[in-house]
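Since the structure comes first, as structure tokens, the remarks are kept for the end.
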Amino acid sequence: MALFMFSVTLMAMQFSLQEGAARINKLIERVGSVKGCTLDPLEVAEEERKKTKLSSILAQPIRLLLEYTETKYEDKLYSCGEAPNYDKSCWLNAKDKLGLDFPNLPYLIDGDVKITQSNAILRYIARKHNMCGESEEESIRVDQLENQLMDFRNGFVMLCYYPDYEKKRPGYLENLPIALKLFSSYLGERKWLAGEKITFVDFIMYELLDQHVMFEPTCLKDFKNLKEFLNRFEALDKIAAYMKSKHFIKHPVNNKMAFWGNQKS
């Protein structure tokens with residue numbers, strides 16, 4: 001079995017405050033990442049985790065998929081500095097030395113294969129285990145939801161990093177049921193999002209629903225099938241075992257400069 005090198009972290013958003021505010025407002029209206037992650041020695045990564053408790057965003061579905069598929073991997077975490085500068089030199093000094101076509105976080109190295117972009121990494125792992133949809137109908141459902149979930153994630157993350165977070169939160173919560181209803185209808189009575197067999201988009205969906213429950217514990221009260229989806233995912237043997245292990249990262253879900261989700265508990 002190949003040993004994956006997988007690296008994870010969250011760095012500051014790469015646009016000006018003025019430009020970012022305009023983008024955030026537009027996305028929040030629709031209710032929709034900051035870049036973040038890699039895989040290096042598990043012992044080193046665990047020690048780093050004890051010190052920094054880095055964010056799970058973008059990397060978490062990858063970790064969950066690696067655990068579910070019983071893929072051996074090394075998890076490397078990069079930590080930015082403290083306020084006000086949030087020094088990113090640990091990543092900036094390393095990123096051009098890794099042989100990546102598009103240096104970014106997360107990245108995955110599997111022998112000669114080097115990949116960035118979280119969804120590309122998820123698809124690479126999923127293809128090895130036939131988890132991208134078996135029929136044309138299933139593949140279409142997976143492709144569509146992969147992109148819809150990225151829109152959903154973008155709106156949420158931008159809200160969390162927005163300087164006027166407290167002012168924007170009520171509007172986001174008001175529109176959140178609209179987005180959740182669409183996902184609930186898409187899932188319907190299916191066991192998983194593509195059908196009876198789990199695919200990689202279920203791992204993305206789980207993380208986003210889990211974070212929204214942390215954000216607003218009652219947000220799924222009107223969506224029974226989404227609550228059942230969360231419970232079903234957490235009950236998977238390999239996922240349940242991972243969540244009980246010392247390697248599992250639950251908090252924080254965002255980086256130090258975020259206005260929500262930057263706490264360790």
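The values are calculated or read from the model by the stated rules, or taken from the named source; none is laboratory data. Since the model is a prediction, treat every value here as computed from it, not as a measurement. Please note: Cβ atoms are built from the backbone with ideal geometry, for glycine as well, and neighbour counts cover all protein chains shown. These area figures cover heavy atoms from the full protein model, side chains too; ligands, DNA and RNA do not enter into them. Shrake-Rupley method; radii C 1.70, N 1.55, O 1.52, S 1.80 Å.
Here are some notes:
- Computed from the Cβ-Cβ distance with R0 of 41 Å, the FRET efficiency linking residue 136 to residue 82 stands at 0.25.
- Dipole-positive endmost among 257, 176, 194 within region 166-265 (Cβ charges, Cα centre): 257
- Cross-link pairs beyond the 23 Å C-alpha cut-off, checked among 95/168; 76/97; 128/197; 181/238; 181/221; 95/250: 95/168; 181/238; 95/250
- Spin-label model, residue 224/residue 178: points 7 Å from Cα along the beta carbon direction are separated by 2.6 nm.
- Annotation for residue 94 and residue 112: the two label points, set 7 Å from Cα along the Cα-Cβ direction, are 2.5 nm apart.
- Accessible surface of region 97-158, 1.4 Å probe, proportion on carbon and sulfur as whole %: 45 percent
- Annotation: per residue accessible area for region 139-255 equals 44 Å², rounded to a whole number [probe 1.4 Å, protein chains only].
- Inter-centroid distance (Cα atoms) of region 230-265 relative to region 154-224, Å: 16 Å
- Full-extension gain in nm, residue 69 to residue 127, via 0.36 nm per residue minus C-alpha separation: 19.8 nm
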